[in-house]
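I have placed the structure first, in the form of structure tokens, so that the comments after it can refer back to it.
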Amino acid sequence: MSYIGRFAPSPTGDLHFGSLVTAVASYLQAKAQNGDWLVRIEDIDRRREVNGAATRILATLERFGLQWDNQVLYQSQCIARYQSILTQLIANGQAYYCDCRRQRIQQQNGIYDNLCRHRQLTPQTSGYPLAIRLRQSYPIYRFFDQLLGWQQVDQALAKEDFTLFRRDGCYAYHLVVVLDDHFQGITEVVRGADLLIPTSRQLSLYQQLNWTAPNYLHLPLALNNDGRKLSKQNRAQSIAHAPVVNTLATVLQFLNQPLPSDWQDYNKEQLLSWGQAHWQTTAIPRQSKVYSSI
Ligand code: GLU
């Protein structure tokens with residue numbers, strides 16, 4: 001089976017150094033195995049979208065020489081496919097409607113008590129918007145990460161009937177990420193360690209749908225000087241105008257990959273091909289760390 005990887009940014013802001021680490025690592029991991037590298041814009045939650053961010057993200061990837069294969073997939077254009085699977089899960093009794101308020105769930109340590117499992121709510125009878133939850137039948141208590149090894153999952157979290165569709169009318173991340181990774185034939189998901197914990201939910205959805213799950217590899221997060229993770233939400237500095245070769249070299253160094261001694265004489269294509277030829281998954285650090293420019 002040939003390797004298909006992906007980079008799946010949400011257009012909630014510009015790419016920052018941490019997102020570039022994920023983009024470069026997923027790209028090199030795919031290319032080092034002669035695989036395809038796909039890009040998917042996760043714009044399912046239109047309210048969190050920042051105007052123009054998707055276009056800027058794609059332009060930044062191109063600026064850094066990260067050319068994707070096939071066409072970019074936009075989640076906002078896949079609603080019919082998501083809806084048909086959700087309808088099928090409800091029809092099979094694998095998912096159910098729920099009207100519980102977040103406040104009530106938060107009072108129970110934030111873990112849902114599966115209250116609506118047997119209430120048989122329907123949008124027709126309730127007359128107000130309902131969420132949809134998975135009836136958890138395949139709790140995942142541990143899973144294997146290609147970099148971090150076996151991961152234990154909190155029992156209560158594993159058994160929770162988590163949300164597939166939100167009351168505000170939005171398809172939940174866990175649902176669409178699984179539907180799309182399967183649809184695009186992704187064989188390995190390489191992404192930031194901030195998404196390590198939700199992986200067990202995604203794996204349980206694969207079982208529920210009777211699909212083969214991809215492998216997962218979670219990368220160290222880039223932290224800023226005060227130890228906080230760089231994120232679009234905390235307005236990490238955009239790399240849209242950062243110096244290309246220098247920033248790519250900083251990414252390779254962050255990932256603990258070898259660099260040619262004369263890397264400053266390389267252009268982006270040469271540095272990426274070097275990165276591809278010398279790519280060592282096992283060298284990637286397991287811990288998140290503060291990054292500093294080379
Ligand atoms: N869209 C998510 C983000 O930008 C990544 C989802 C994933 O890689 O599974 O953080």
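Quick note: the coordinates plus some simple rules give every number you see, no bench work behind them. In this text, all values refer to a predicted model and were calculated from it rather than measured experimentally. FYI the Cβ positions are ideal-geometry reconstructions off the backbone, even for glycines, and counts take in every protein chain you see.
With a ≥ b ≥ c taken as the square roots of the eigenvalues of the C-alpha gyration tensor of segment 163-291, please select rounded if a/c is under 1.5 and otherwise prolate if a/b is larger than b/c or oblate if it is not? It comes out prolate by the Cα gyration axes. Helical content alone sets the calculated 222 nm signal of the chain at -9500 deg cm²/dmol, taking -39,500 (n - 2.57) per DSSP H segment of four or more residues and averaging over every residue. Straight Cα distances below 24 angstrom link Lys31 to the lysines Lys268, with same-chain residues fewer than 8 positions distant left out.
Taking the C-alpha atoms only, the angle from helix 244-254 to the longest principal axis of the chain is near 70 degrees.
The calculated P(r) of segment 51-186, using every Cα pair and 10 Å bins from 0, goes 10, 31, 31, 21, 7, 0 in percent. Taking label positions 7 Å along the Cα-Cβ direction at both Ile197 and Ser2, the computed distance is 3.8 nm, reported to one decimal. Compared with the dominant principal axis of the Cα atoms in the chain, helix 199-209 is inclined by about 60°. Applied to segment 22-32, the Karplus parametrisation 6.51 cos²θ - 1.76 cosθ + 1.60 on θ = phi - 60° returns per-residue 3J(HN,Hα) values of 5, 5, 5, 5, 5, 5, 5, 4, 6, 5, 5 Hz, with x for Gly and Pro. The distance between label points at Ala59 and Gln106 comes to 3.8 nm (points 7 Å beyond Cα on the Cα→Cβ vector). If each Cα of the chain is one equal point scatterer, what is log10 of I(q)/I(0) from the Debye formula at q = 0.10, 0.14, 0.15, 0.16 Å⁻¹? Log10 of I(q)/I(0), two decimals: -0.58, -1.08, -1.21, -1.35. Based on alpha carbons, the Rg and Dmax found for segment 1-62 are 12.4, 38 Å.
Projected label points at Asp69 and Phe144, each 7 Å from Cα along the beta carbon direction, are separated by 2.3 nanometres. Dividing the mean sequence gap of close Cα pairs (under 8 Å, 6+ apart) by how many residues the chain holds gives a relative contact order of 22 percent. Computed over Cα pairs, the Kirkwood radius of segment 196-241 leads via Stokes-Einstein (0.890 mPa s, 25 °C) to a diffusion coefficient of 183 µm² per second. Helix 53-63 versus the longest principal axis of the chain: what angle, 0 to 90°, nearest 10, using Cα atoms? Tilt of helix 53-63: around 30 degrees.
The stretch between Ser273 and His241 holds 9.3 nm of extra length on full extension. This uses 0.36 nm per residue minus the Cα-Cα distance. Relative contact order of segment 36-139, taken over Cα pairs closer than 8 Å and 6 or more residues apart, is 26 percent.
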